[in-house]
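The block underneath contains the structure these notes are about, expressed in structure tokens.
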Ligand code: BTN
């Protein structure tokens, strides 16, 4: 149920003077967001996908106070209690080939890390490919769902879903050792409105930079924020678990892992567990 009429908001990223991110201060480009607010939905990604299928333009945003069936990566659920976290999905329509949609994981995680930094005042880092961490615990997760009309067509729309743990004090048992929130880390509650505003501002800035300058500057910033390279990891992939030392993330965004025998594996998709966390 829509809790209010759609709100149009233009965030001029160049005016975000408190921003931690260089793109925001450089960019004069603004992105117009059309925000749809809900009290409770199953998943903001599902609502955004429906709107996208109905022709909603790039910049359409769905925000809910609660999700009853929040979706995580790899078929998991995303804990979404009312009023504790930020649950936001953004419709994008970039003119890039379907194969390059994974680049948006890097754009989004850099923006989300900047937003977490601005709201918490703490140094947020990124675990490959797009988990935002405070310390070694996850504070923000990203689920990107892309559509194309057919196997030969380009992208039709992309829904970028972001869940940020803002004021959560506890988590379900299965993630209680790995998840955290901004409130827990900084020792005091934070404003959901501020989190939303900072997130949209940073998304507008970094996505604008990506459209203008391509993937290279995004990856440069991502590598600065990365906490994966150099660590001992176990990566769950579709082909099994790869264990070894994370060497680097290459120019396409793939993770290079060196096994004990020195052989290197290039991983395009997977879930990283940091051994020494
Ligand atoms: C992950 O597993 O790390 C990704 C979590 C993504 C959660 C967000 S919350 C807003 C949007 N709606 C969903 O159902 N999922 C994403």
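By how many nm would the segment from residue 32 to residue 256 lengthen if fully extended, with 0.36 nm per residue of separation less the alpha-carbon distance?
Stretched out fully, the residue 32 to residue 256 stretch lengthens by 76.9 nm.
222 nm [θ] for the chain, helices only, -39500 (n - 2.57) per DSSP H run of 4+, per residue, to 500?
Computed ellipticity for the chain at 222 nm equals -8000 deg cm²/dmol.
Please compute the Kirkwood hydrodynamic radius of the chain from all pairs of different C-alpha atoms, in Å with one decimal.
After inverting the mean inverse Cα-Cα distance, the result is 18.9 Å.
Name the residue, out of 34, 175, 256, whose mean-square fluctuation peaks in a Gaussian network model built on the chain with Cα pairs under 10 Å.
Comparing 34, 175, 256 in the GNM, the peak value goes to 175.
In vacuo Debye scattering of the range 155-252, one point per C-alpha: log10 I(q)/I(0) at q = 0.10, 0.13, 0.20, 0.22 Å⁻¹?
-0.45, -0.77, -1.27, -1.22
If one computes the Cα centroid of the range 185-249 and of the range 27-100, what distance in Å separates the two points?
Answer, in whole Å: 18.
Since every read-out is calculated from the coordinates, none of them should be taken as a lab result. On a predicted model such as this, the values are computed, not experimentally measured, just so you know.
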